[in-house]
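To start, the structure under review is shown below, and the notes come after it.
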Amino acid sequence: MESILLVKTSSLGDVIHNLPVVSDLRRAVAVDWVVEEAFATIPRLHPGVADVIPVAIRRWRRSLGRGSTWREIGQFVQRLRAKRYDAVIDTQGLFKSALITAAARGTRYGLDWASSREPLRLFYDRTFGIPWTLHAVERNRTLAARALGYDLSPHPEYGVHARAAFFPWQALQRYVVLLHATSAASKLWPEPSWIELGARCLQRGLGCILPWGSEGERARSARLAAALRGAVIPPALTFDELAGLFAGAHAVAGVDTGLTHLAGALGAPTVGIYCATDASATGLYACPRAVNLGGIGRPPTVDEVMSALEEYASTP
């Protein structure tokens, strides 16, 4: 095997969970990756990724009646098919990723019907049954290993690194990042808990930084900052900038969101706060300085989160 194409388009957390596959493969092959354009920065953080092929399914769906959209789709397919791969591996297991896999040139591998959310067998040359009981990282790694016939190491590596960045809007050089925003209301940690956690951090001389991605999230950052004198609401940040922010952080606390996974993968001391999802399936995994707290219907206490932040921030 000399060239592999990975198809994992979204979402942010899923893309991060696919990074260890590149670490498994990088010593032997050149790895290209098809990913949603919004997340193209993430595979580029890994030195084992030779080429990133952005796709814009999310944006194209909103404008299928425009000729410009179909021209973009044609250009994407042309680029996708410009190279023949020894293997094309779809670790996403959805109809959209199966279509991309089918359009690529090379032997196509994917999940069997029992292992994916949709019946996709016709799109692949070979399929494999991968247990749902495995963490998402191990499902991705196991599929690639079975497709290509290699043994997995017991310790997955994300293989991504970033330099610590200091921004002119930062109030203090020692800071924690509080990732309070996520896609589902059920995953949110109560705002009074964030305020108490932030107050304890400020008492310890740590600045509090409250990133946001949407206007609703910015409004929540503003409410939290109003109760936390000295907390900072940054401008909108790119993934590259967020990676630099995480790399320089004393610690990161975050709910079930892709940015929390990015912080953990980069090696930042990270506490995952789970309120409505099972961390054993998609939580922080194999990160050098990270821990998951809480679970479905049992959010962690402020004491638990603060204790974990202090413990993991002191771990070399």
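Here, each number is a calculation from the coordinates, and none is a lab measurement. Remember, predicted model here, so these are calculated numbers, not experimental data. Methodologically, a virtual Cβ is constructed for each residue, glycine included, from the backbone with ideal geometry; neighbour enumeration extends over all protein chains shown.
Quick look at the numbers
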{"quantity": "Gain on full stretching of the segment that runs from PHE128 to ASP278 - 0.36 nm per residue minus C-alpha separation", "calculated": "51.6 nm"}
{"quantity": "Crossing angle, helix 215-227 versus the chain [Cα axis fit, 0-90 degrees, rounded to tens]", "calculated": "20"}
{"quantity": "Per residue Cα convex hull volume in Å³ - calculated over the chain", "calculated": "138"}
{"quantity": "Mean shadow area of region 83-238 over all directions, Cα convex hull, nm²", "calculated": "13.2"}
{"quantity": "For region 3-148: span of alpha carbons on each principal axis (Å, largest first)", "calculated": "42, 33, 28"}
{"quantity": "Most to least packed among 112-122, 30-40, 299-309 [average Cβ atoms within 10 Å]", "calculated": "30-40, 299-309, 112-122"}
{"quantity": "Nearest 10 degrees, 0 to 90: helix 302-313 Cα axis against the chain principal axis", "calculated": "70"}
{"quantity": "Positive-pole candidate from HIS17, THR270, GLN203, dipole of the chain, charges at beta carbon", "calculated": "HIS17"}
{"quantity": "Rounded Å value of the spacing that divides the Cα centres of region 119-134 and region 289-304", "calculated": "33"}
{"quantity": "Spacing of the two label points (7 Å from each Cα toward its C-beta) at LEU152 and ALA227, in nm", "calculated": "4.1"}
{"quantity": "Debye intensity ratio in log₁₀ form over the Cα atoms of region 162-292, taken at each q of 0.11, 0.12, 0.18, 0.22 Å⁻¹", "calculated": "-0.33, -0.40, -0.95, -1.47"}
{"quantity": "Helix 12-25 axis, angle to the chain major axis (alpha carbon atoms, nearest 10°)", "calculated": "60"}
{"quantity": "Peptides 130-143, 164-177, 250-263 ordered by average Cβ neighbours within 10 Å, highest first", "calculated": "250-263, 130-143, 164-177"}
{"quantity": "DSSP-assigned coil residues among trypsin sites (Lys or Arg not before Pro) in region 202-280, each with at most 16 further Cβ atoms within 10 Å", "calculated": "ARG204, ARG229"}
{"quantity": "Charged-residue dipole, Cβ positions (Lys, Arg, Asp, Glu), region 175-313 about Cα centre, Debye nearest 20", "calculated": "220"}
